[in-house]
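J.: Before we start, here is the structure in question, set down as structure tokens.
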Amino acid sequence: MRQRLNLSQQQDDAEINMTPMLDVVFIMLIFFIVSTSFVRESGIDVNRPSAETSHSQSKTAILVAISADDEIWLDRKPLDLRMVRPAIERLRSEQSEINVVVQADENSSTGQLISVIDQLRLAKVQYTVATQVGVQ
């Protein structure tokens with residue numbers, strides 16, 4: 001009889017404490033949220049020209065696209081040329097170290113590309129023009 005009493009007492013004491021595991025999961029979740037770099041996509045598909053000297057860029061913050069019809073897209077919205085600089089400056093105020101990648105369609109005009117690059121230079125941000133790796 002006495003041994004049965006000890007078994008039932010041990011079963012009552014055997015509980016799994018989930019609190020430390022939940023703490024670890026929440027800390028990991030916070031870590032991954034904070035360490036994630038967010039990418040602002042342009043919002044359209046662009047047929048980029050190819051170049052032999054292209055190399056991939058691992059860190060991208062903002063994508064600006066120029067369509068074949070010379071429309072400028074930023075953050076999935078069409079944008080007027082005069083609004084490129086203020087939009088980039090607003091994004092730079094949110095995140096101080098930003099890189100801008102300009103995705104110009106191969107059928108877009110060179111003048112529109114130069115105008116966008118000029119706005120990026122006036123906003124004092126680093127930029128890159130996207131191409132495809134290799135020659136077609």
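J.: Please give the solvent-accessible surface of residue 85 in Å², to the nearest 10, using a probe radius of 1.4 Å with every protein chain present.
T.: Roll a 1.4 Å probe over it and residue 85 shows about 90 Å².
J.: While we're on this one: Keeping all protein chains in place and using 1.4 angstrom, which order do 66, 27 fall into by accessible surface area, from largest down?
T.: So the residues, ranked largest to smallest area, are 27, 66.
J.: Run the accessible area of region 95-136 with a 1.4 Å probe and give the carbon-and-sulfur part as a rounded percent.
T.: C and S atoms contribute 46 percent here.
J.: Could I ask something else about it? Can you give the accessible area of residue 16, probe radius 1.4 Å, in Å² rounded to 10?
T.: 150
J.: Label-point separation (nm) for residue 15 and residue 114, each offset 7 Å from Cα along Cα-to-Cβ?
T.: In this crude spin-label approximation the distance works out to 7.5 nm.
J.: Right, another one. So what does residue 128 come to for accessible area, using a 1.4 Å probe and Å² rounded to 10?
T.: 60
The values are calculated or read from the model by the stated rules, or taken from the named source; none is laboratory data. Since the model is a prediction, treat every value here as computed from it, not as a measurement. Counting neighbours? That spans all protein chains shown, and the Cβs are built from the backbone with ideal geometry, glycine included. Protein only, heavy atoms only, side chains kept; ligands, DNA and RNA dropped before computing areas. Shrake-Rupley method; radii C 1.70, N 1.55, O 1.52, S 1.80 Å.
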